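Written out below as structure tokens is the structure these notes cover.
The values are calculated or read from the model by the stated rules, or taken from the named source; none is laboratory data. Note that the coordinates shown come from a computational prediction; the quantities given were computed from them, not determined experimentally. Because the Cβ atoms are built from the backbone with ideal geometry, glycine has one as well, and the counts that use them run over all protein chains shown. Only protein heavy atoms, including side chains, enter the accessible area calculation; ligands, DNA and RNA are left aside. Shrake-Rupley method; radii C 1.70, N 1.55, O 1.52, S 1.80 Å.
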Amino acid sequence: MTSLDASVEALLILAVAACIGALGAVVQCDALHRCEAAMTCANSSTFSNGWQTCSFANYVDVIGDKLYGNKANDATGNYAALTRGVCAPGERVHRNSVSGRLECAPWRMWPSALNTEIMDPNATRMHTRMCGAWIEAGPTIETTLDYWSFHDGFRAEAAVRHADRAAYQSAHLSSTDMGKFYSSCTAAALSGNAAVRSAAMGAYTHLKHGLNNLTTQRRILKAAGWLASHHCDSPVQIGVAVSGAGFCATVQQGSSFSASALADALYALDEPRSLQEQARVGNGLVNANALQSPATTKEEIEYVWKGATGRTDHGAVDVLMASTPSLDGLTYISANAQARYAEASAYLHGVAALCSFAIRGGIDVESAGEYTAATGELQSLRAKRPPAKALGRLQGEHYGRSLSMVDDGILTQASTVTLSQIQAAPRGDAQADCAAMVDFLFPDRMDEQHFRLLVTDSLYERAREITAALRESAARVVTDNEVIRNVLGNPEAVAEDIRNTRTRIAGAPRGTWAGLQRDYPDGLLSSGDGPLIMALKQSRAVFTDRVGLLFDNENPCSGPPVYDALGANAYIYASALCTHMLLGMLRKPFADERYDNTSLATRFGYVMAHELAHTTLNTHFIEPEYSNLLQEYSTPTVYDEAIADVISALAIIHAGLATGEEVCRHVSQLWCARVPIGYDHDATGSIHPGPNDRGDHLCATLRDLGVY
Ligand SMILES: [Zn+2]
């Protein structure tokens, strides 16, 4: 009993203490809210990782500081220390341009990009020497892998999008198609449900233009292609993938729909009950026959192609066919023997209705988040596909998983993004929802705008010069450097590939050295269209642009990147001799127009030369020389990336752009990171050397090679 009493007493004490503590917190928080409102203080706990409290720091005006603070005159006080305040070494307080909140952000240095403040000069390991102070200042228990280079990547991206939107978010700033669509979209969304619904009816009518007289199998298959060409979720998806040095078309599995989804969508668009019923039956027939009917033949696929592209000159186009059960079901029931034309036609009308619903869902302010059968269907369709940022663009990997390769699977997925992937849910806010649709529908124009915002003319020109210098230097390293030469099956061929690899920077002005050469997709929008018809026209224009690459027999450097352009990443199609660099590699700490040559070469240049050096994948490696060269690296799974790093570093050194020590210091700082306890990089299956190790192992290898 006594022990119980004691514990009750203990609880009471705790409870009272908690009350008093809470009261204190209330007073403290009240003081914070009042001084924040008066803009005389800032919540200082927002700077700390982990939870927030109501601690605050006062702003002091210049006179007040002179009278009472006077630290600036203190011989020990310096500007850097004063502005750093509560932030970690290498970071400064700034006001976020999007949220308006105060926060700590990396303070990137220039003209030398090497940040001296985050270093720990007495440390033994290279990455700690380069950024031990920043790593040390991290949270006591690190929960996520946090690279110094990508630490505020998401915020930087948000700032760019925010600035972009400001450039077109007014009916008075609608000079571009993005602005025109945005004005039309917000006008509809702000007018309410009736206007949005009417726009959706217009979109459905637009799609129905391709669904006339569906009384033969040929017409039905063409109609299925027509819907796929608008990025509708349809029984078949047509995409573009890389094959060897060029592109090939992919025909693959589209969507299958649940029992009443199509009928419900037709109901919502006021189609008669008879059509709804036929669509229900048609959908049932397609699903029932999906898996057991014979595969759609190449001749039958040609009709789908023709309906999608409106072209017949596809003889030279390589087509990669995957299994397409839903299309097989549709082909089967619309064959002469079955002749279920009415049901097949109703099924395709239902697909068109659901597609109209998908784009309507992007701006449906009134029913945002509301569950209907059609939105439920769209959500389940979306859940089956990878996250997309825009038509033809996947979301991309997390920050820090840089410099990757793209396989055909990724490319195919990117080229068959559908309208149901438009966004997770409309927020019910016309401005935000319409801006999200602009992002989704105009990826190419958006890239250009991002580029203009991030890359100055002077930086673009310097990037060209450094790329040219490193390209030649890398080619010489593979043929002339004895050690490198001896690990490559065919060094001359690799050198040739390095010289011939095209380089693209996302959004670079079309026709310039790193830009695409084609014109922008043009949906031929008109002010009378209404936002959802504009969306469909633009969607088809993007499709037509992408399949145009096939007809023109072009290479992967003729098309846009497959990832969102703002990502901090770069990748290469080694077999097709084309590399794409995303815009996250064109800002600090990778590039800046104020960077000195050493910094630009060891950062942006290092990434570019690394990509070019991946053409080593076009030959084979010679053992045991290869393993000997890369013995500092932890596991052979990272060798493909390691050799690219080593060749890149040597190219920079041989071009005279930096010494071995400089390369080592810059690269170590680029890849330094706060690593969670127990993090096992090898277990992640990554093909890249791990955080911190990447610099350490490169430095050790350069030392083995005697260049550092
Ligand atoms: Zn790589």
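Odds and ends about this structure:
- Cβ-Cβ FRET estimate between E625 and I687, R0 fixed at 22 Å, reported to 0.05: 0.60
- Summarising the amide proton neighbourhood of L488: residues at separation of 5 or more, or on other chains, whose placed amide H is nearer than 5 Å comprise I622.
- The H on the amide N of A673, modeled in the peptide plane, is under 5 Å from the matching H of W148, N692, each at least 5 residues off or on a different chain.
- You can think of it this way: the chain between A245 and S191 has 14.5 nm of extra reach, that is 0.36 nm per residue less the Cα-Cα gap.
- Rough spin-label spacing in nm, given labels placed 7 Å along Cα→Cβ, for V86 and H162: 1.9
- Per-residue Karplus couplings for the stretch 86-95, computed as 6.51 cos²θ - 1.76 cosθ + 1.60 with θ equal to phi - 60°, are listed in order as 8, 7, 5, x, x, 10, 9, 6, 8, 9 Hz, Gly and Pro entered as x.
- Listed residues A224, S183, N193: farthest to the positive end of the dipole of the stretch 176-246 (Cβ charges): A224
- Cβ-Cβ FRET estimate between S274 and D318, R0 fixed at 30 Å, reported to 0.05: 0.10
- Note on R125 and Y79: the model spin-label points, each 7 Å out from Cα along the C-beta direction, lie 3.5 nm apart.
- Two-site FRET efficiency, D522 against E465, from Cβ-Cβ distance with R₀ of 35 Å, rounded to 0.05: 0.55
- Couplings for the stretch 634-644, taken from phi via the Karplus curve 6.51 cos²θ - 1.76 cosθ + 1.60 with θ = phi - 60°, read 6, 8, x, 5, 9, 4, 4, 6, 4, 5, 5 Hz in order; Gly and Pro are left as x.
- Among the protein heavy atoms, those of D264 account for about 50 Å² of accessible surface (1.4 Å probe, every chain in place).
- Integer Hz, Karplus 6.51/-1.76/1.60 couplings in order for the stretch 469-484, x for Gly and Pro: 5, 6, 4, 5, 5, 5, 4, 5, 4, 5, 9, 9, 7, 3, 5, 5
- Applying 0.36 nm per residue to the separation of S97 and T143 and subtracting their alpha-carbon distance, the gain on full extension is 13.9 nm.
- Set of aspartates and glutamates with alpha-carbon distance to K306 below 16 Å, sequence-local pairs under 8 removed: D318, D545
- Distant-in-sequence amide H partners of V240 (H built 1.01 Å from N, under 5 Å): T250, S415
- Estimated distance in nm for a label pair at T116 and E299, the labels positioned 7 Å out from Cα along Cα-to-Cβ: 7.8
- Aspartates and glutamates whose Cα lies under 15 Å from that of K384, excluding same-chain neighbours fewer than 8 positions away: D233
- Within the stretch 633-708, trypsin sites (Lys or Arg not before Pro) in DSSP loop having at most 12 other beta-carbon neighbours inside 10 Å: none
- Restricting the trypsin sites (Lys or Arg not before Pro) of the stretch 86-195 to loop positions (DSSP other than H, G, I, E, B) with no more than 13 neighbouring Cβ atoms within 10 Å leaves R101.
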